[in-house]
Amino acid sequence: MEIRYHGHSCVQLSHEGHSLIIDPFISGNPLAATKPEDIKVEHILLTHAHPDHILDTVPIAKNNDATVVATFELATYMSWQGAKTFAMNIGGRTSLGYAEIEMIQAFHSSGIVLEEEKKIIYGGMPGGFIIRWNGLTLLHSGDTSLFSDMKLIGERNQIDVAFLPIGDVFTMGPQDAALAAEWLKAKTVVPLHFNTFPPIRQNAQAFADSLTSKGITGKALRPGEVWTLS
């Protein structure tokens with residue numbers, strides 16, 4: 001499986017001609033190494049409605065005739081923007097045809113801010129995804145704080161790779177993310193949601209290195225970097 005990190009919380013997974021992307025925030029990310037029009041995917045998974053996770057969803061969806069998978073409220077909003085959508089919610093599972101996905105809880109907020117109208121549209125509950133594909137189990141937590149049910153998620157799943165935020169301020173920071181990695185019993189952890197903006201500057205490599213003492217492999221990726229997982 002090919003894992004491509006596009007920066008911030010945006011991860012693209014590809015295998016045997018199939019591809020999905022999670023939380024596409026590319027055109028607004030000064031650290032991004034690609035362009036939205038270069039993305040080729042079948043599905044777009046959204047963890048929540050904040051702009052730094054959904055910004056490029058509609059153009060990517062339209063360019064690829066891709067299906068947007070999100071909570072009912074966020075999927076409805078995306079359908080109003082002309083995207084093809086599939087709505088689900090926390091605890092639900094579905095098949096993409098080439099992969100099985102499950103939406104899990106996250107502790108965060110979720111809303112679409114309309115600056116000119118000074119309105120906020122409720123985006124449904126925030127979440128994350130467990131993706132089972134080609135014998136691998138991957139977890140993208142979305143934006144979240146540390147919460148005790150991560151232990152339960154770890155007990156019920158054999159997680160090969162967990163993508164976790166480390167930026168602090170808006171999500172859990174490195175210390176809590178390290179504990180989350182331990183509770184999830186992930187074999188490998190890839191840090192997300194750092195360095196895009198000044199308030200969330202972190203040393204991702206130092207975080208990755210710190211996991212060694214817990215028996216966990218840390219993998220800090222640069223925007224545009226591709227990691228092949230077998």
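The values are calculated or read from the model by the stated rules, or taken from the named source; none is laboratory data. This one's a predicted model, so the numbers in the text were calculated from it and none came from an experiment. In this analysis, Cβ positions are derived from the backbone assuming ideal geometry, glycine residues included, and neighbour counts consider all displayed protein chains.
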Considering GLN158, GLN202, GLN175, which residue is part of a loop (DSSP other than H, G, I, E, B), of a type outside the set (D, E, K, R) and surrounded by fewer than 14 Cβ atoms within 10 Å (Cβ to Cβ)? GLN158
Within the group PHE163, PHE129, which residue is under 10 Å from the mean Cα position of the chain (by Cα), of a type in the set (Phe, Trp, Tyr) and under 13 Å from HIS193 (Cα atoms)? PHE163
Any hit, the stretch 110-126, residues being among the hydroxyl-bearing types (Ser, Thr, Tyr), at pLDDT 95 or above and under 16 Å from the mean Cα position of the chain (by Cα): yes
Contact list please: Cβ distance under 8 Å, first residue in the stretch 161-178 and over 12 Å from ALA208 (Cα atoms), second residue modelled with pLDDT under 95 and surrounded by fewer than 23 Cβ atoms within 10 Å (Cβ to Cβ), pairs at least six apart or on different chains. VAL161/LEU229
Every residue from the stretch 209-221 that is farther than 23 Å from ILE26 by Cβ, of a type in the set (Gly, Ala, Ser) and either in contact (Cβ under 8 Å) with a residue 40 or more places away in the chain or outside any strand (DSSP E or B) (or both): SER210, SER213, GLY215
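Can you go through GLY167, GLY224 and tell me which one is of a type outside the set (A, V, I, L, M, F, W, C), more than 25 Å from GLN105 (Cα to Cα) and assigned to a loop (DSSP other than H, G, I, E, B)?
Result: GLY224 is the single residue among GLY167, GLY224 that is of a type outside the set (A, V, I, L, M, F, W, C), more than 25 Å from GLN105 (Cα to Cα) and assigned to a loop (DSSP other than H, G, I, E, B).
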Surrounded by fewer than 24 Cβ atoms within 10 Å (Cβ to Cβ) and either more than 27 Å from HIS50 (Cα to Cα) or in contact with a strand residue (DSSP E or B) (Cβ under 9 Å, 6 or more places away or on another chain) (or both): which single residue out of ASP168, ASP209 fits that description? ASP209
Limited to the stretch 2-28, what total is found for residues that are surrounded by fewer than 20 Cβ atoms within 10 Å (Cβ to Cβ) and in a loop (DSSP other than H, G, I, E, B)? 4
For ALA49, work out the one condition from (1) in contact (Cβ under 8 Å) with a residue 60 or more places away in the chain; (2) within 26 Å of ASP149 (Cβ to Cβ); (3) not in a loop (DSSP other than H, G, I, E, B) it doesn't fulfil. (3)
Hits in the stretch 30-46 - residues which are surrounded by fewer than 22 Cβ atoms within 10 Å (Cβ to Cβ) and in a loop (DSSP other than H, G, I, E, B): PRO30, LEU31, ALA32, ALA33, THR34, LYS35, LYS40, VAL41, GLU42
